[in-house]
Structure formats: structure tokens, C-alpha cells
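Enquirer: Before we start, here is the structure in question, set down as C-alpha cells.
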Amino acid sequence: MFGHNDTMSYRRILVTGGAGFVGSSLALRLKGAFPQTRVSALDNLSRKGSELNVPRLEAGGIIFMRGDVRHAEDFKQFAGVDLIVDCAAEPSVMAGKDGSPLYALETNLWGTVNALELARTSKAKILFLSSSRVYPVAELNAIVTKETPTRFAIASGQTLAGVSENGISETFPLGEQRTLYGATKLASEMLIREYAMLYGTRAIINRCGVIAGPWQFGKVDQGVAVLWMAKHIFNQPLSYIGFGGQGKQVRDFLHIDDLWDAVALQLKEFNTYAGQTFNIGGGIGSSASLCELTELCQKISGTGIEISSAPDTRWGDIKLYVSDNARFSALSGWTPKRGVEDIMRDIHAWIIANKEALRPLLG
């Protein structure tokens, strides 16, 4: 996909959050695309399971550096990089609800400031992985839906801007509350645009839906696809929580390989996409409700498990989110190639192949 000139344009790449699911996956693919490039991964290994990615990174020729994006001094060793892929985050939508918000704020917001300062002083490009969680909770839950036997679906005749039966676009209103995690991502986006205006920093912002695939260590508040399959494999119970407790709430799921395909296109012609914000998600064709996810897990694993019902909706939960990728697809020709069943089959194969090693983390 990349020619000689593209490879030469990226001599040194830094991936922040580089031992996390997305960061490690992209770092390894970057090294594969740019074999002569020095690719470094920075991570504090705070997330359970991230330590298992370090041997994978090192085996793939990635230089792993343990450090913390909250600390400006940990960025000094990367002076002169050409590209920063900013994947570092405290990704839990529940972050700060029952305790101090400082870790999430410092990681998600000040970490971006430190990455931007490195980009400014090194004249590096920056690819920022934002989140669909920048869209406000109340407005998302105000989308008019229709109910089918297995899911909530977007109805026709919406009054909110940026909503169609294809999903939510980048023009969706941003005015109200969105969880602390979403607020830090939106604030980071705003800072990136300011750096672009003031300092000419070349940046691309990708608002990702639910990203999933092998080597994701899923838990209740982040990584639902892996969590769902792991519970079936290890024969443990689950719950449908909120919105009547029927499991009809919907998300779109983006395979990590489809994310890489999008990123690869952006890196090949960075200036074409610089200064823009894109929804990058599975879209309506790769969406599923929780009860549909259950059916897939049962089909693939051959296991049925106990699933309880808790009808009350929790703080910060949303009924439905599906990415409308039309802006990026029109510019690049990219569309996701892998659907929800492909994602769940890949996750199943990964867990089965590493069952005993993963049991303490996912079981």
C-alpha cells in the first residue's frame, strides 16, 4: 500500500498508549507497513492485560518504552519524531463517577497536551483517536427509535441534525453533557484544532465507534464484544442493563483491521485528510444489539449462559449509537469489510487459542 516515498516520510513514529489494544495493534501494523521506520510504543501498563502486549511489540520490532503520557518529561526522548499516533486514554465511560476524576483528566487531556507539544516542537504530524462518546448522552437518547424484536433502530423523520437511518454524522449537536471521558476527548479535539491554527500542526481526528478484535482485554465498561464472548467461553453470567433490560440497545462494531485500513489510507495521503474530523466506525452494516450479540456468541461458541435483566438505565448509558461514515468514505473510498460475525469469530478463535493464559484476565 505504501511506496518508497511514503516510507521515507515516516522515519520515526511514536504510538502513545502503545501497549493497549488499539495502540499495540496499530504499532505492529505500522512497523509492517514501514519496516525501515523506528516505531516506538509508550505506555504505563496500567490497564490489566497490557503487559501481555509488550513481548508481542518487541517481537514485532517495536521499541517499547514504559512511561506515562501525563508526564511531559517522558516525551523528551521522542524529540524529532515525524508522526504521533495518539491512542492513550483512560477509556472507561464510568471514569470519575465514583471517585476522583484526576487520572482520567490527566491521561486523556493533559496527555494530549504533551503529545501536541511534542508535535509542535518536532514539527510532527499527529493522528488522534477520538471517540463517538463526544456526542452528548441526552441528545443521543432523544433520537427517535423504533423497536424490533431484537433491537432499537433509528426511525425515519428525525428532527435532530446529523441523524439518519444510516447513523450519526459529524454534524450531530455537541452542546450538552457526555460523560467525563467524552468531555476529555472533545476538549482534546478542540486543542488539536487550536494547535493547527496557531502552529500549523497537521492533524487528523478520528471519532471511533466500538473497536473490537483479538488482544482486547474487555470488561464491563469498555470492550463489550470481547467481554460477551469471554463470558460464553468461560460459562459465566451476564446482564442486560437498562432500557427495559431486554438487551435491545445497539452499537456499531469496528474490526481492528478495518480501523488499520482507514488509518493506512490517511497516512498515505496525510495532507488530504489533515485538518478534518471523521467518524470511523462499523456503521449500520456492522451493528448489533446486546441480544443479537448473545445469539452470535451462542452460535459461535456453542454455549448458552445465564443472562439476567436489570431494567433501570444507568448514568451515562445510551440506547443507540451507529457511526455514519459517509464523510470519510466519500473522500477515501473506505468502507468496513468485516461485520460483527467476523469480529466475534476472530475474538472466539483468539480466546480459545490462548484460553489458559486469558482465564485470569477474562474468566
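Enquirer: Hey, what's the per residue convex hull volume over the C-alpha atoms of the stretch 211-363, in cubic angstrom?
Expert: 117 Å³
Enquirer: Give me D for the chain in µm² s⁻¹, whole number, from Stokes-Einstein with Rh from the Kirkwood sum over alpha-carbon pairs, 20 °C and 1.002 mPa s.
Expert: My calculation gives 103 µm²/s for D.
Enquirer: Another question, then. How high is the relative contact order of the stretch 227-363, in percent, counting Cα pairs under 8 Å that sit 6 or more residues apart?
Expert: Computed over the stretch 227-363, the figure is 42 percent.
Enquirer: For the pairs Lys268/Lys355; Lys123/Lys185; Lys97/Lys248, note any where the Cα-Cα span goes beyond 30 Å.
Expert: Lys268/Lys355
Enquirer: Next question, about the same structure. For Arg11 and Glu58, compute 0.36 nm times the residue count separating them, minus their Cα-Cα distance, and round to one decimal in nm.
Expert: Full extension from Arg11 to Glu58 adds 15.1 nm.
Enquirer: Take every Cα pair under 8 Å in the chain that's 6+ residues apart, average their separations, divide by the length, and report that relative contact order as a whole percent.
Expert: Working: 761 pairs, mean separation 61.4, N = 363.
Reported as a whole number, the value is 17 percent.
Enquirer: How far apart, in nanometres, would the label points at Ala79 and Ala161 be if each is projected 7 angstrom from Cα along the Cα-to-Cβ direction?
Expert: Each label point lies 7 Å from its Cα, and together they span 4.4 nm.
Enquirer: Per residue, what accessible area does the chain have, given a 1.4 Å probe and all protein chains present, in Å²?
Expert: Using a 1.4 Å probe on heavy atoms only, each residue of the chain averages 40 Å².
Enquirer: Roughly what % of DSSP beta bridges within the chain run antiparallel, to the nearest 5?
Expert: Of all bridge pairs located within the chain, approximately 20 percent are antiparallel.
Enquirer: Excluding residues on the same chain fewer than 8 positions from Lys31, give the aspartates and glutamates whose Cα lies under 19 Å from its Cα.
Expert: Partners found: Asp6, Asp43, Glu58, Asp82, Asp86, Asp257, Asp258, Asp261, Glu269.
Enquirer: What is the dipole size for the stretch 1-156, taken about its Cα centre, with +1 at each Lys and Arg Cβ and -1 at each Asp and Glu Cβ, in debye to the nearest 20?
Expert: Dipole size: approximately 380 debye.
Enquirer: Then there is this: Over all directions, the average projected area of the alpha-carbon convex hull for the stretch 123-266 comes to how many nm²?
Expert: On the way: hull surface 43.4 nm².
Approximately 10.8 nm², given one-decimal rounding.
Enquirer: Under the √(5λ) rule applied to the eigenvalues of the Cα gyration tensor, what semi-axes describe the equivalent ellipsoid of the stretch 20-94? Give them in Å, descending.
Expert: They are 19, 16, 11 Å, listed from largest to smallest.
Enquirer: First check a/c for the stretch 65-144, with a ≥ b ≥ c the square roots of the eigenvalues of its C-alpha gyration tensor; if it is under 1.5, answer rounded, and if not, answer prolate when a/b is larger than b/c or oblate otherwise.
Expert: oblate
Enquirer: Then there's this: Choose one of Phe21, Ala59, Tyr103: the residue whose Cα lies farthest towards the positive end of the charge dipole of the stretch 1-105 (beta-carbon charges +1 Lys, Arg; -1 Asp, Glu; about the Cα centre).
Expert: Ala59
Enquirer: With the calculation restricted to Cα positions, what are the radius of gyration and Dmax of the stretch 32-72 in angstrom?
Expert: Every Cα atom of the stretch 32-72 included, Rg and Dmax give 11.2, 31 Å.
Enquirer: Could you work out the helix-only [θ] at 222 nm for the chain, with each DSSP H run of four or more residues adding -39,500 (n - 2.57) and the total divided by the number of residues, to the nearest 500 deg cm²/dmol?
Expert: Calculated from helices alone, the mean residue ellipticity at 222 nm is -11000 deg cm²/dmol.
The values are calculated or read from the model by the stated rules, or taken from the named source; none is laboratory data. Nothing here was measured: the structure is a model prediction, and the numbers come from that model. Backbone-built Cβ (ideal geometry, glycine too); neighbour counts: all protein chains shown. Ligands, DNA and RNA are stripped out before the accessible areas are found, and what is left, the full protein with its side chains, is counted by its heavy atoms. Shrake-Rupley method; radii C 1.70, N 1.55, O 1.52, S 1.80 Å.
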